[in-house]
1. Restricting to the chain, what percent of DSSP beta bridges are antiparallel, rounded to 5?
2. Along the charge dipole of the chain, which of 26, 81, 55 sits closest to the positive end, that is, farthest toward it, with unit charges on the beta carbon of Lys, Arg, Asp and Glu (+1, +1, -1, -1)?
3. Hey, fewest Cβ within 10 Å first, where do 53, 35 land in order?
4. Between rounded, prolate and oblate, where does the range 112-156 land on the alpha carbon gyration tensor, with a ≥ b ≥ c its root eigenvalues, rounded for a/c under 1.5, else prolate if a/b exceeds b/c?
5. Identify the chymotrypsin sites (Phe, Trp or Tyr not before Pro) of the range 138-191 meeting these criteria: DSSP loop state and at most 15 other C-beta atoms within 10 Å of the C-beta.
6. Looking only at the range 1-19, which residues have a backbone nitrogen under 19 Å from a spot 7 Å from the Cα of residue 44 in the C-beta direction?
7. Taking the C-alpha atoms of the chain, how large are the radius of gyration and the largest Cα-Cα span, Dmax, in Å?
8. Write out the trypsin sites (Lys or Arg not before Pro) in the range 82-142 meeting two conditions: DSSP loop, and at most 11 other Cβ atoms within 10 Å of their Cβ.
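Read-outs throughout are calculated quantities, based only on the coordinates presented, and are distinct from any laboratory measurement. Predicted, not measured: the structure shown is a model, and the values here were computed from it. As a convention, Cβ positions derive from the backbone with ideal geometry for all residues, glycine included, and neighbour counts pool all protein chains shown.
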Amino acid sequence: MKKIVIFASGSGSNAENIIRFFKEKNDIKVVGVFCNNPKAKVIERAQNLQMPCTIFDRETWKNEDKMMKEIKNSNADFIILAGFLWLVPYYLIQAFPNKIINIHPALLPSYGGKGMYGEKVHETVVKNKETESGITIHLVNEHYDEGEILAQFRVHLSENETPTSLAEKIHELEMKNFPSVIQDYIIKDKN
């Protein structure tokens, strides 16, 4: 049985979707949620699903011993970033090599990097009159949005696309595809 923890900073819709997806699985199990925002809705979602939720601050995040102790208590094999906005520190990447998966609301390498998340991405894509956008599911390295791409899924932008309507399309792609890409990658993992 492979165990995963989910890191989230916001509403937690992706986290909830992942938890529900793996609830009945025998080979992969979500064992906890980690959140860096004490006001995030993901905390309530985790509680409603009887999922342990650890809230931490920036000081803990920067403290390798404290953070690794929290993660090791969960016996996690993989970390899933689902709307988690902080740069992952190198110590965590070393402890979980090729075992940290992120989702980004654009087709990387376009519209990635520091500060490019959520509505900011959609606003920029629409402003630049792109004809398509999508999601990228990728491994995490020490740079924002530069890890190995595992999968991309695309949507077409209409002529009257708005950041809000694009966000809805992207959210549908996330709900439909993120859990199954996680599952496929973990099942293929040989370690």
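1. Counting DSSP beta bridges with both partners in the chain, the antiparallel share is about 40 percent.
2. After comparing all options, I get 26.
3. On the way: 53 20, 35 23.
Result, fewest neighbours first: 53, 35.
4. oblate
5. none
6. Taking a point 7 Å out along Cα→Cβ of residue 44, the residues of the range 1-19 whose backbone N falls under 19 Å are 8-19.
7. 16.1, 51
8. Loop-located and lightly packed - 114, 129.
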